[in-house]
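**Student:** Submitted below is the structure of interest, expressed as structure tokens.
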Amino acid sequence: MGGRPDAAVVGTLINFARGPVRRAASPNACECQPMITLALSKGRIFEETLPLLKAAGIEVLDNPETSRKLILATNSPEVQVVLVRASDVPTYVQYGGADLGVAGRDVLIEHGLDGMYQPLDLNIARCRMSVAVRDDFDYAAAIKQGSRIRVATKYTQIARQHFSDKGVHVDLIKLYGSMELAPLTGLADAIVDLVSTGNTLKANHLVEVEKVMEISSRLVVNQAALKLKREPLRRMIDAFASATPK
Ligand code: PRT
Ligand code: MG
């Protein structure tokens, strides 16, 4: 990731993002308001963003748990929500498929921030990124001996940076899910994964041995959209800012 899209792609996507919404106030009046598209992922990010939207006067009219729709209308004719995978939120915002979105710090570091502003830490979907090992693995001794350890993770950028800062030699194994299984099957000595309550680690006989970083979700905004739809986007960012838990 991280490469800039070519000019033709940018042109097409910016035109998409710019698409005006015609509000028929009267037959002769053409009051054009740009549509604002917000990208959210189903689950904790959607649930925890709802109160912030509500504080901004925006209510989503469909329930993503019961509806199969991917584009959700709101009580505001100028705002719609698109539902995407958590790791796809930055891609939608970067290329203008959405004007703004909410994504975890983990996802944003892995993706990079090309083409986006990150104006706000929303302080939601909080957790931590940690190193965990089997409860019978002596991590401290392995590090002290300078052993090369095998680490399975979905977060290869974050893990690479963490171990390089510590001067620990690692072989990284990229996984897309169920990281907890890797130390149990001998695939890896350690994992780098998100931890919230710690129950998943405990249920799989794993222990947290190092905190890598605190994680929360951030608002990201497409840079071109912020120029083209400055007023409505500014209003929305300000409303999110005043509703954000401190
Ligand atoms: O599920 P999917 O593959 O579609 O994508 P996703 O897992 O990236 O999405 P989602 O909705 O699960 O997570 C979205 C964002 O929520 C993440 O990018 C994080 O920033 C944030 N978040 C907060 C978490 C957690 N808490 C969390 N606990 N994301 C994942 N977890 C998982 C963790 O990976 C582990 O499997 O929950 C498990 C641990 O939870 P505890 O409570 O047992 O410790
Ligand atoms: Mg998940």
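**Student:** Give all pairs with beta carbons closer than 9 Å in which a residue from region 79-95 that is of a type in the set (Lys, Arg) meets a residue that is more than 9 Å from ligand 1 (Cβ to nearest atom) and open to solvent by less than 20 Å² (accessible area, probe 1.4 Å); count only pairs at least 6 apart in sequence or on separate chains.
**Tutor:** Filtered contacts from region 79-95: no entries.
**Student:** So, one more: Say we look at region 198-209 and pick out the residues that are outside any strand (DSSP E or B) and open to solvent by 60 Å² or more (accessible area, probe 1.4 Å); which of these is nearest to Ile109 (Cα to Cα)?
**Tutor:** Checked region 198-209; the qualifying residue nearest to Ile109 (Cα to Cα) is Thr200.
**Student:** Are there any pairs, at least 6 apart or on different chains, whose C-beta atoms fall under 8 Å, with the first in region 34-49 and more than 16 Å from ligand 1 (Cβ to nearest atom) and the second of a type in the set (Lys, Arg) and at pLDDT below 95, and if so, which?
**Tutor:** Qualifying pairs under 8 Å: Pro34/Arg18.
**Student:** Moving on. Are any residues in region 210-246 assigned to a strand (DSSP E or B), open to solvent by 60 Å² or more (accessible area, probe 1.4 Å) and touching a helix residue (DSSP H, G or I) at 6+ places or on another chain (Cβ under 9 Å), and if so, which ones?
**Tutor:** Residue satisfying the conditions is Glu214 alone.
**Student:** Related question: Any idea which of Asp189, Asp193 is within 19 Å of the chain's Cα centre (by Cα), of a type in the set (Asp, Glu) and open to solvent by less than 60 Å² (accessible area, probe 1.4 Å)?
**Tutor:** Matching residue, one of Asp189, Asp193: Asp193.
**Student:** Now for a separate question. What pairs come out if I take residues in region 186-209 that are at positive phi and pair them with residues that are modelled with pLDDT of 95 or more whose C-beta lies under 7 Å away, six or more apart or interchain?
**Tutor:** Gly198/Glu208; His205/Arg134; His205/Asp135
**Student:** Please go through region 66-100 and give me each residue that is out of contact with any Ser or Thr (no Cβ under 7 Å at 6 or more places or on another chain), away from ligand 1 (no atom under 16 Å from the Cβ) and within 30 Å of Thr156 (Cβ to Cβ), ordered by number.
**Tutor:** Gln94, Tyr95, Gly96, Gly97, Leu100
**Student:** Oh, and also: Kindly indicate the residue of region 49-76 that is charged (D, E, K, R) and assigned to a loop (DSSP other than H, G, I, E, B) and also most open to solvent (accessible area, probe 1.4 Å) among those meeting that condition.
**Tutor:** Step by step, filter region 49-76, then rank; the result is Arg68.
The values are calculated or read from the model by the stated rules, or taken from the named source; none is laboratory data. Since the model is a prediction, treat every value here as computed from it, not as a measurement. FYI the Cβ positions are ideal-geometry reconstructions off the backbone, even for glycines, and counts take in every protein chain you see. In case anyone asks, the SASA skips ligands and DNA or RNA and just uses the protein heavy atoms, side chains included. Shrake-Rupley method; radii C 1.70, N 1.55, O 1.52, S 1.80 Å.
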